[in-house]
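Structure first, commentary second.
The values are calculated or read from the model by the stated rules, or taken from the named source; none is laboratory data. Computed from a prediction, not measured in an experiment: that's the story for all the values here. With ideal geometry, Cβ positions are generated from the backbone for all residues, glycine too; neighbour counts draw on all protein chains shown.
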Amino acid sequence: MQIKTFWTILIKIIGLWIFLSSTSILPQFFTTLSYTNGSLDTESLLLLWLILLGTIFIYILIIRVFLFKTNWIIEKLKLENNFAEERIDLNIKNSTVLTIAIIFIGGIILVESLPSFFGRLFDFFRQKSLLKDYSDTSWLIYYFIKIIIGYLLLTNGKNIAKYIEKENIDK
């Protein structure tokens, strides 16, 4: 494996991790809205929406660069310079490493989300309230979606790796 290939795989793994960790933006935003208790004026709401949209834009930009413009990062940071050897002796294809990384990230997301989901679900049943009256509804939904994403990453890692590789070749 060449040094450039190693850095490409590592940067794509970091991009996937950033993408999956960025999913917590929306529940945090709605939790912020629920703590205002109806005393939110138009100026504050506009500021909150502006901050949310700015954050989403920055995440999209970072994810796009990390997943689909990895060669640009390698060139700008000069990551393949100053190595004594040009190759790292690993006999694994790029897509295999990316598939393993996607499955690993999916497993981490699943294991990380299950306790939080069941904890919030237990709290919901203990309060005996309706879903719309429960104060952490957005977090309950968030952890449920995160469990589904983790499961899908575990079961479809190969297809996701093929898509990322295809998008990188097309660009």
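What the table below lists for this structure:
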quantity: Breaking point among (1) touching a Phe, Trp or Tyr at 6+ places or on another chain (Cβ under 8 Å); (2) under 18 Å from Ile18 (Cβ atoms); (3) modelled with pLDDT of 85 or more, for Leu79; calculated: (3)
quantity: Any helices (runs of 4 or more DSSP H) falling wholly within segment 59-171 and containing at least 3 residues that are within 21 Å of the chain's Cα centre (by Cα) and among the basic types (Lys, Arg); calculated: 157-170
quantity: Among (1) farther than 19 Å from Ile18 by Cβ; (2) in contact with a Pro (Cβ under 9 Å, 6 or more places away or on another chain), the one test that Tyr142 misses; calculated: (1)
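This table checks each residue for (1) surrounded by 15 or more Cβ atoms within 10 Å (Cβ to Cβ); (2) at pLDDT below 90; (3) in contact with a Leu (Cβ under 7 Å, 6 or more places away or on another chain).
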{"position": "Leu98", "(1), (2), (3)": "yes, yes, no"}
{"position": "Phe122", "(1), (2), (3)": "no, yes, no"}
{"position": "Ser129", "(1), (2), (3)": "no, yes, no"}
{"position": "Trp139", "(1), (2), (3)": "yes, yes, no"}
{"position": "Ile147", "(1), (2), (3)": "yes, no, yes"}
{"position": "Tyr151", "(1), (2), (3)": "yes, no, yes"}
